[in-house]
1. Out of A263, A43, A51, any idea which swings most in a Gaussian network model of the chain, alpha carbons joined below 10 Å?
2. Under 15 Å between alpha carbons, and skipping anything fewer than 8 positions from K218 in its own chain: which aspartates and glutamates qualify?
3. In whole Å, what are the extents of the stretch 147-291 along the principal axes defined by its C-alpha atoms, from largest to smallest?
4. Can you tell me the relative contact order of the chain? Whole percent, Cα pairs under 8 Å, sequence separation 6 or more.
5. How big is the Kirkwood radius of the stretch 43-165, worked out from every pair of different alpha carbons and given in Å to one decimal?
6. Based on the alpha-carbon gyration tensor of the chain, what equivalent-ellipsoid semi-axes (square roots of 5 times the eigenvalues) come out, in whole Å, largest first?
7. Rounded to the nearest 5, what % of the DSSP beta bridges within the chain are antiparallel ones?
8. In units of 2.2 N^0.38 Å, what is the alpha-carbon radius of gyration of the stretch 125-233?
Amino acid sequence: MDNLTDKIRELAQAKNAVILAHYYTEGEVQDVADFVGDSLALAQKAAATDADIIVMCGVHFMGETCKILCPSKTVLIPDLAATCSLAESCPADEFAAFVQQHPDHKVISYVNTSAATKAVTDVVVTSSNARQIVESFPADQPLIFGPDRNLGNYINSVTGRDMLLWDGACHVHSRFSLPSLVALKQEHPDAKVLVHPECPAPIVHLADKVGSTAALLKYAVSCESTEFLVVTESGILHEMQRQAPHKTFIPVPPEVSEGERIAGVTCHCNECNYMRLITLQKVYDCLLHMTPIVEVDPTIAERAVLPIQRMLDISAALHL
Ligand code: 13P
Ligand code: SF4
């Protein structure tokens, strides 16, 4: 057997491993997975699996979430260097000091955070459930939201809240080009604009649909339009195109800096370089050699599981 995909599937079956992948990974990685989803769905799948091993084809915080929810299972990540710029924009010690300065505030953290940041959080959210979870707090309850200022601003705008925001951002979503989006809208006047809420407000204002990767996918597949301008990481186009082969999905490009323009550099900045570290070969190698393993300090995990479980419980109650 020399096909890598077949070898991975055979190994996964022999070892009772489940392979989970995020929509931003390479198409061939998504294709080998048992399940592909957004951050919320991946956490829900991990929490419910009876596999002995979870292979998380995504970034490190996703692996940590699996390990925190399933401490007795082995959680593998094909490349430990697959981190997340947004999670890294919120160092746990600095966030804890910020939280301590506002003792009357409840703390809401986006799932794109380290386990240590989650450990000083009251409830975790993803882009699938952030609005509903924020709205589940009484209107007069002061709230801290971290780390994504763009998602926080968006949730403030749709809920009328005034959450205190941590000043973090994702290097991919904060870099989409507004002039390119405006020009593409003029060229494709019938196209619907799909935007992830990690994008800045001027981009979000042009959206026909704002949502998590899963929500954007669902909208694109189910609505009658046949043309879409996609303002999120371009890996999502793989599943969009697979589920709606007759529709056209146009990735919106990132802003190119003057230096890059002069140097003639081709910018792939609408690709998450961390997600793209996950290759088919690394999926195979990690399953074969059972490394790298995702570890979370048990004392941190003990605290971090509470806000993650709260998120899963609220999501289940709301059928999200
Ligand atoms: P989703 O939860 O929408 O899949 O987003 C994850 C992510 O990392 C966005 O950059
Ligand atoms: Fe993190 Fe941004 Fe990559 Fe999502 S796209 S995993 S937020 S760096």
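1. Judging by the Gaussian network model, the answer is A263.
2. Straight-line reach from K218, under 15 Å: D38, D208, E227, E239.
3. So the three principal-axis extents are 50, 42, 39 Å.
4. Reported relative contact order: 23 percent.
5. When all Cα pairs of the stretch 43-165 are included, the Kirkwood radius is 15.3 Å.
6. On the way: eigenvalues 160, 152, 66 Å².
Calculated on Cα positions only, the semi-axes equal 28, 28, 18 Å.
7. On the way: 2 of 33 bridges.
Approximately 5 percent, going by the DSSP bridge assignments.
8. Rounded to two decimals, the normalised Rg is 1.11.
Computed from the coordinates by the stated procedures, all read-outs in this text should not be read as laboratory data. No experiment lies behind these values; they were computed from the predicted model shown.
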